[in-house]
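What follows draws every value from the coordinates through simple rules; no lab data is involved. Since the structure is predicted, the reported quantities are computational estimates derived from the model, not experimental observations. So basically every Cβ, Gly included, is an ideal-geometry build from the backbone, and we count neighbours across all protein chains shown.
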Protein chains: 2
Amino acid sequence: MLASVGPVAPLDVVLRDAVGCILADDVTATHDLPAFAVAARDGYAVAAYETAGAGYASAQSLPVAHDVRPGAGPLRLVPGTAVRVASGAALPLGADAVVPLEETDRGAARVAMQRPAVPGQHVRPVASDVRAGDVVLEAGTRLGARQLALAASMGRGRLRVHPTPRVVLLSVGDELVEPGTHADRSGHGVFETDGHALEAAVRDAGAASVRVGILGDDRAVLREAIEDQLVRADLLVITGGLSELTHDTVKDVLATMGSVRLDQVAMTPGQRHGFGTVADDLASDKSVPIFALQGHPVAAQVSFEVFVRPALRAMAGHTEVFRPSVAAEAVEGWVSPPGLRQFVPATVLGSPDEGYRVTPIGDPSAPTVSALAHANALAVVGEHDLTVHPGQVVHCLVLEG
Amino acid sequence: MLASVGPVAPLDVVLRDAVGCILADDVTATHDLPAFAVAARDGYAVAAYETAGAGYASAQSLPVAHDVRPGAGPLRLVPGTAVRVASGAALPLGADAVVPLEETDRGAARVAMQRPAVPGQHVRPVASDVRAGDVVLEAGTRLGARQLALAASMGRGRLRVHPTPRVVLLSVGDELVEPGTHADRSGHGVFETDGHALEAAVRDAGAASVRVGILGDDRAVLREAIEDQLVRADLLVITGGLSELTHDTVKDVLATMGSVRLDQVAMTPGQRHGFGTVADDLASDKSVPIFALQGHPVAAQVSFEVFVRPALRAMAGHTEVFRPSVAAEAVEGWVSPPGLRQFVPATVLGSPDEGYRVTPIGDPSAPTVSALAHANALAVVGEHDLTVHPGQVVHCLVLEG
């Protein structure tokens with residue numbers, strides 16, 4: 001599946017939309033930063049050699065010729081004078097030091113200084129931060145606050161990034177009832193859970209989600225919904241409608257739409273699984289990856305973690321697409337089905353120093369929504385292991401929180 | 001400052017808006033989950049005792065009386081028959097086991113089974129996930145995908161949470177020029193950086209940001225902007241305009257508006273700092289925390305990390321408000337000013353097993369935007385330390401990424 005998806009095509013976006021994205025091109029400095037020498041403190045700009053007498057019996061003082069505030073145009077220091085400057089203001093030509101307010105009498109017409117200034121003190125020289133022509137941010141960098149600060153301070157209002165993948169979520173099933181509405185409980189309805197859970201999981205993966213909501217078990221409706229969403233989706237996730245019984249529509253509809261495989265994957269939960277691509281007829285070069293996950297909320301979420309999340313991270317341009325994992329000693333034993341890799345909601349405690357311990361939550365053979373909500377990890381038992389013994393080391397996928 | 005802010009008042013929000021928020025009230029199950037016994041596999045619902053002969057010389061078969069799909073109403077198993085069920089469908093009354101399709105001949109009129117069923121096999125009993133009356137999610141829980149799945153599956157369409165704090169960002173200074181526009185470089189303009197950087201930092205802290213943009217050094221304009229924003233802000237951050245020179249307006253304006261302190265904090269960068277609260281005249285009980293940070297982008301970001309981010313986490317209801325920190329050995333030495341706690345952009349490498357090493361980036365006495373963009377930590381040197389020696393252990397604040 002990872003081989004079938006790649007980073008979303010680069011796009012120029014404004015800084016706000018670049019937050020959290022991966023930079024697609026190097027950012028090269030077009031000018032020095034700062035572009036001119038700048039005062040690093042509020043104080044007085046001086047030629048240091050003219051303050052040599054300060055601090056002796058007769059305090060040295062200089063007449064104050066000007067005030068300079070940030071943004072003011074270039075100014076030349078008249079020999080034998082000082083210029084009052086604000087932190088961030090351009091240093092007048094001819095000045096080479098700033099005497100901070102605290103080391104003076106704060107005079108307005110004349111200023112007396114406590115000690116001689118050292119050339120360069122409290123001055124940010126031209127290009128001391130960045131030199132024109134330098135690559136300041138490399139392609140592949142994740143853009144957080146500090147990287148955006150650097151881009152903005154270079155004057156970049158837009159950046160070329162792999163934009164956030166847009167994921168459309170479709171939940172299929174006549175039995176589904178929207179939470180918060182009055183379910184006809186006698187009708188054995190089931191509250192729609194997958195769309196809500198995956199909306200959060202998609203955002204946690206750094207992508208954007210559009211939850212279309214509930215679709216009934218109707219081939220024409222499903223087909224139309226998929227076609228409608230292709231235009232705005234970078235990836236489609238369908239949950240439910242995957243059983244082998246005749247009323248279930250997902251496999252039939254997908255079979256006619258693109259190159260989608262429906263498989264039995266050797267894992268539990270999440271054994272039934274569909275993956276492929278569907279071409280958008282309205283955009284000849286666009287092909288949208290599509291995942292079909294089992295409707296049971298634990299299966300849907302485990303399949304999302306194992307397959308969809310890494311694909312989304314790859315589409316967003318990340319090179320590290322997998323969640324961290326740890327090796328943990330089982331506190332208690334449990335059984336695992338033959339031929340299936342088992343994912344068990346679990347609590348992992350410990351630290352790298354003292355090692356980790358893992359305890360399954362609930363019945364490992366029937367993981368529940370409640371168990372998953374209280375887990376901080378998925379314990380992964382290999383398809384050839386039939387039992388986990390107490391003390392056995394188990395590979396655990398660490399979930400967020 | 002932390003003592004002056006508290007969690008934002010709880011609000012009922014739809015599930016989508018609850019993602020990432022802290023739950024304000026316990027969620028109690030109003031019904032059992034599942035509310036009825038459910039088939040865990042596609043197959044045939046049977047009374048297990050009626051399959052005792054399966055698997056012997058004469059394969060046992062039962063007539064198939066019905067198909068049951070998820071959402072279908074209650075049904076009663078006619079003794080001596082089987083009912084075809086889809087995974088997730090309600091088990092007919094009288095049935096106590098599901099024989100998976102794979103263990104049958106998949107018959108439509110009659111079904112032959114390979115082996116006797118064990119009572120309870122492939123059945124999710126009533127309340128096996130959650131029992132009515134149980135507290136399923138406790139107040140204080142962070143709501144991720146898995147917790148929202150549990151709430152949705154209980155039928156909850158809204159949850160009472162501490163909503164995401166809304167942060168309004170104001171950047172003050174006549175010298176500021178919006179990135180992406182053509183700066184009059186001869187005029188010594190400076191590209192507006194703080195608003196863009198803090199917009200990302202606020203979102204990284206889990207809050208929502210509104211960047212108002214650039215305001216000039218004008219008391220009336222600043223005062224009006226602050227008053228205008230109080231209605232939508234849970235917290236205000238002003239950057240720039242904090243120098244001691246007369247053109248700077250922030251201290252004058254804030255002095256007349258609320259109980260705001262302007263201090264020299266014993267740290268570098270970020271020595272000048274304002275904090276307080278301003279009452280919203282239009283909402284008598286609303287008082288908005290306000291931070292005034294120095295305009296230099298490194299100072300603004302360090303002050304944000306040290307003071308604003310923990311306040312935002314507390315307002316969002318988190319109990320853990322600080323970033324993780326590690327103790328690391330200095331790879332090289334540097335000097336630190338007396339009387340000021342020094343925050344130095346740095347690279348921390350290592351692991352808990354082998355220990356951590358910290359290397360400052362650039363000149364620790366003049367941290368740059370570029371250094372901060374390439375750092376993964378801030379090394380913190382105490383106000384009484386005048387030097388860091390190679391090999392000395394330094395406390396480091398670990399930044400994201």
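Let me make sure I get this right: for segment B:325-398, a, b and c are the square roots of the gyration tensor eigenvalues over alpha carbons, sorted descending. Under 1.5 in a/c it's rounded, otherwise prolate if a/b > b/c, else oblate. Which is it? Write out the running numbers ahead of the final one.
Values: a/c = 1.82, a/b = 1.20, b/c = 1.51.
Note, shape of segment B:325-398 comes out oblate.
With chain B treated as a Gaussian network of Cα nodes joined by springs under 10 Å, which of B:243, B:365, B:87 yields the largest mean-square fluctuation?
In this elastic network of chain B, the residue with the biggest mean-square fluctuation among B:243, B:365, B:87 is B:87.
What would the Debye equation give as log₁₀ I(q)/I(0) for the protein assembly as shown at q = 0.07 Å⁻¹, counting only Cα atoms as equal point scatterers?
Ignoring solvent entirely, the Cα scatterers give -0.63.
Determine the percent antiparallel among the DSSP beta bridges restricted to segment B:166-315, to the nearest 5.
40
Mean-square fluctuation check for chain A, GNM, Cα pairs under 10 Å: which of A:391, A:53, A:274 is largest?
Among A:391, A:53, A:274, the largest GNM mean-square fluctuation belongs to A:53.
Hey, what number do you get for chain A at 222 nm if only DSSP H runs of n ≥ 4 count, each worth -39500 (n - 2.57), divided across all residues, to the nearest 500?
Helix-only estimate at 222 nm: -4500 deg cm²/dmol.
How big is Rg to Rh over chain A, alpha-carbon atoms, Rh as the Kirkwood inverse-mean-distance radius?
1.22
Counting only other residues whose beta carbon sits under 10 Å from that of residue B:117, what net charge do I get with K and R as +1, D and E as -1?
Every neighbour counted, the sum reads -2.
Starting from the exponent 0.38 and prefactor 2.2 Å, build the expected Rg for segment B:38-124 from its residue count and divide its actual Cα Rg by it.
That ratio works out to 0.94.
For the protein assembly as shown, give the magnitude of the charge dipole about the Cα centre (Cβ charges: +1 Lys/Arg, -1 Asp/Glu; no others), in debye to the nearest 20.
Numbers: 62 positive and 92 negative charges, 20 e Å.
That gives a dipole near 100 debye.
Along Cα-to-Cβ, 7 Å out, sits the label point; list in nm, shortest first, how far the one on residue B:133 is from those in the other copies.
7.9
Fewest Cβ neighbours within 10 Å first, please rank B:44, B:356, A:49 accordingly.
Listing B:44, B:356, A:49 from fewest to most nearby Cβ atoms yields A:49, B:356, B:44.
Please report the antiparallel percentage of the DSSP beta bridges confined to the protein assembly as shown, to the nearest 5.
Among the beta bridges of the protein assembly as shown, antiparallel pairing accounts for roughly 70 percent.
With charges set only on the Cβ (+1 for Lys and Arg, -1 for Asp and Glu), what does the dipole of segment B:325-398 come to about its Cα centre, in debye to the nearest 20? If you can, show how the numbers build up before the last one.
Details: 2 positive and 7 negative charges, 32 e Å.
Rounded to the nearest 20 debye, it is 160 debye.
Scan chain B for the residue whose Cβ is closest to the axis carrying it onto chain A, then write down that distance in whole angstrom.
Result for the B and A rotation: B:352, 2.
Could you put B:223, B:309 in order, starting from the residue whose Cβ has the fewest other Cβ atoms within 10 Å?
B:223, B:309
For a test of the definition: using alpha carbon positions, the gyration tensor, and the 1.5 limit on a/c, classify segment B:256-401 as rounded, prolate or oblate.
prolate
I want to verify a result. In a Gaussian network model of chain A, Cα cutoff 10 Å, which of these has the top mean-square fluctuation: A:78, A:13, A:221?
Largest GNM mean-square fluctuation: A:78.
Could you give, in nm with one decimal, how far residue B:115 is from each other copy of that position, shortest first, with labels 7 Å out from Cα toward Cβ?
Result, one decimal in nm: 8.8.
What does the extension gain come out to for residue B:325 and residue B:1, with contour length at 0.36 nm per residue minus their alpha carbon separation?
So the extension gain works out to 114.6 nm.
For chain B, find the longest principal axis of its Cα atoms and tell me its angle to the long axis of helix B:219-230, 0 to 90°, nearest 10.
Approximately 20 degrees, to the nearest ten.
Give me, ordered by chain and number, the residues 5 or more places off residue B:137 or on other chains with an amide H under 5 Å from its own placed amide H.
For residue B:137, whose amide H was placed from the backbone, the distant partners under 5 Å are B:27.
Using a label point 7 angstrom from Cα along Cα-to-C-beta, what distances in nm, from shortest up, separate residue A:279 from the other copies?
When each copy's label point is compared with this one, the spacings are 6.9 nm.
For residue B:12, what is the net charge nearby, where nearby means another residue's Cβ is under 11 Å from its Cβ and Lys, Arg count +1, Asp, Glu -1?
Computed value for this residue: +1.
If you take the Cα Rg of segment A:132-250 and divide it by 2.2 N^0.38 Å, with N the number of residues, what do you get?
Normalised by 2.2 N^0.38 Å, the Cα Rg of segment A:132-250 equals 1.52.
Once the dipole of chain B is set up with Lys and Arg at +1 and Asp and Glu at -1 on Cβ about the Cα centre, which of B:230, B:52, B:18 lies farthest towards its positive end?
Of the listed residues, the answer is B:52.
Restricting to bridges with both residues inside chain A, how much of the DSSP beta-bridge set is antiparallel, in percent to the nearest 5?
Around 70 percent of the beta bridges assigned by DSSP in chain A are antiparallel ones.
How large is log10 I(q)/I(0) at q = 0.21 Å⁻¹ when the Debye formula is applied to the Cα atoms of segment B:1-47, each weighted equally and without solvent?
So the normalised log intensities are -0.92.
So how long is each side of segment B:268-327 along the principal axes, counting just the alpha-carbon atoms, biggest first, in Å?
Sorted largest first, the three principal extents are 46, 29, 13 Å.
Listing A:262, A:150 from the residue with the fewest other Cβ atoms within 10 Å to the one with the most, what is the order?
Lowest count first: A:262, A:150.
When all C-alpha to C-alpha distances in segment A:219-291 are sorted into bins of 5 Å, what percent of pairs does each bin hold, rounded to whole numbers?
That works out to 3, 16, 28, 26, 14, 8, 3, 1, in percent per bin.
Taking every residue in B:360-370, how many Cβ atoms of other protein chains lie within 10 Å of its Cβ, on average? Present the calculation step by step, with values, prior to reporting the outcome.
Numbers: counts 0, 0, 2, 1, 0, 1, 7, 1, 8, 13, 14.
Counting Cβ atoms of other protein chains within 10 Å of each residue's Cβ and averaging gives 4.
Could you give the nm distance between label points at residue A:383 and residue B:261, where each point is 7 Å from its Cα heading toward the beta carbon?
Modelled inter-label distance: 6.4 nm.
Report, in whole Å, the centroid distance computed from the Cα atoms of segment A:359-401 and segment B:134-190.
33
Rounded if a/c is under 1.5, else prolate if a/b is larger than b/c, else oblate: which is segment A:355-401, with a ≥ b ≥ c the root eigenvalues of its Cα gyration tensor?
Judged from the Cα gyration tensor, segment A:355-401 comes out oblate (a/c at least 1.5, b/c at or above a/b).
Which net charge results when you count Lys and Arg as +1 and Asp and Glu as -1 among the other residues whose beta-carbon is under 12 Å from that of residue B:101?
-1
Projected area of segment B:77-122, taken from the Cα convex hull and averaged over every viewing direction, in nm²?
3.3
Quick one: what are the phi-derived ³J(HN,Hα) couplings along segment B:258-273, Karplus 6.51/-1.76/1.60 with θ = phi - 60°, whole Hz, x for glycine and proline?
x, 9, 10, 9, 10, 10, 9, 8, 6, 8, 8, x, x, 5, 7, 7
Given 20 °C and 1.002 mPa s, how large is the Stokes-Einstein diffusion coefficient of segment A:89-154 in µm²/s, with Rh as the Kirkwood radius over Cα pairs?
141
Over segment B:166-315, how many percent of alpha carbon pairs lie in each 10 Å bin up to the one with the longest distance?
It works out to 12, 44, 36, 8, 0, in whole percents.
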